[in-house]
Every structure is written in C-alpha cells, then in structure tokens.
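The values are calculated or read from the model by the stated rules, or taken from the named source; none is laboratory data. The shown structure was predicted, so the numbers you read here are calculated from the model rather than taken from an experiment. Methodologically, a virtual Cβ is constructed for each residue, glycine included, from the backbone with ideal geometry; neighbour enumeration extends over all protein chains shown.
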Amino acid sequence: MATEVIRSYRDLRVWQQGLVEAIYVTTQSFPKREIYGLISQVRRAAVSIRANIAEGHSREHTKEFRNFLSMAQGSISELETKLEIGTRLGYLPAEQFSRVMAQVAGLAKQLRALREALAKRIAAQAKATRN
C-alpha cells in the first residue's frame, strides 16, 4: 500500500470525517428551546474535534500535534455525553443516536491510531537524538 503524502490537515482522514455535518443534521430534531443550550454545546463539541486536529497539525512539533489530538479525543467524549443526554431527554431517537454514535466511535478509533503512530514517531526521534 502506498504511503499517502500529508501536506495539510485537510489531507488527514480524521479531519475529513463528515461528523460535523452529521451533528448539525442530527441536532435539527432537538427542540428549538435548546438552540442556546444543548444544541449549541453538541455542535461546538463536534466542531472542536475538527478544529483541534487542524490546529495540532499546523503546530511545529509532533508532540504538540499529539497533544491536540488528545484534546480532540476529549471533545469526542464530551460529544458522546451530550448526545446521550439528548437521547435521555427524548430529543434524539435511539436509532438516530446509534447511527451517529457509530460515526463517533469510528472517528475515535482513527484518532487513537493516529496518536499511537505519532507516539512511535516521537520515540524514534528521541532514540535517534540519543544516538
């Protein structure tokens, strides 16, 4: 398999995920009274995931990128929690919740894999520096 060239954060599959768009569509079913409450919080959490990936990739050092990916993972946990609250309040049907959570889980898995790859790169760089 050929290695993909990553020139920009836009080339990263974890950034390309359509999760933000799916979250905006999903929250349209929430009551309008939640526009400044749960809707806003759910959407901000989803946007934060993508923004942290972009900002981290734009940093100078791999360790910084890995740290921003960690923040993106934190936003995933926040998103999962808020979606579950929306479901418990009856704003999000269980079937729709399951669909969007499958997308979230897929993104979380990709983020973990990328963080692990970066950790290996950091370790290799540290070893090369010592030698």
Exercise. Please work out which one of (1) over 15 Å from the mean Cα position of the chain (by Cα); (2) assigned to a helix (DSSP H, G or I); (3) of a type outside the set (D, E); (4) closer than 21 Å to Q41 by Cβ is the condition K127 fails and give its number.
Key: (4)
Quiz item: Which ones in the stretch 1-43 are among the aromatic types (F, W, Y) and assigned to a helix (DSSP H, G or I)?
Solution: Y9, W15, Y24
Practice problem: Return yes when S40 is more than 18 Å from R115 (Cα to Cα), surrounded by fewer than 15 Cβ atoms within 10 Å (Cβ to Cβ) and among the polar types (S, T, N, Q) and no when it is not. | Solution: yes
Self-check item: Matching residues, the stretch 82-113, being over 17 Å from A46 (Cα atoms), crowded, with 18+ Cβ neighbours inside 10 Å and of a type in the set (A, V, I, L, M)
Solution: none
Exercise. Please state which one of T81, T3 is out of contact with any helix residue (DSSP H, G or I) (no Cβ under 8 Å at 6 or more places or on another chain) and modelled with pLDDT under 95.
Key: T3
Quiz prompt | Answer residue from the stretch 44-68, given it is among the basic types (K, R) and surrounded by fewer than 19 Cβ atoms within 10 Å (Cβ to Cβ) and is nearest to E116 (Cα to Cα) among those | solution = K63
Exercise. Mind listing whichever residues of the stretch 60-76 are of a type in the set (S, T, N, Q) and touching a Leu at 6+ places or on another chain (Cβ under 8 Å)?
Key: T62, Q73
Quiz prompt | Selected residue [touching a residue at least 40 places away in the same chain (Cβ under 8 Å) and either closer than 22 Å to R121 by Cβ or exposed (fewer than 15 other Cβ atoms within 10 Å of the Cβ) (or both)] from L19, L12 | solution = L12
Exercise. Consider E55 carefully, then state whether it is closer than 22 Å to S40 by Cβ and of a type outside the set (A, V, I, L, M).
Key: yes
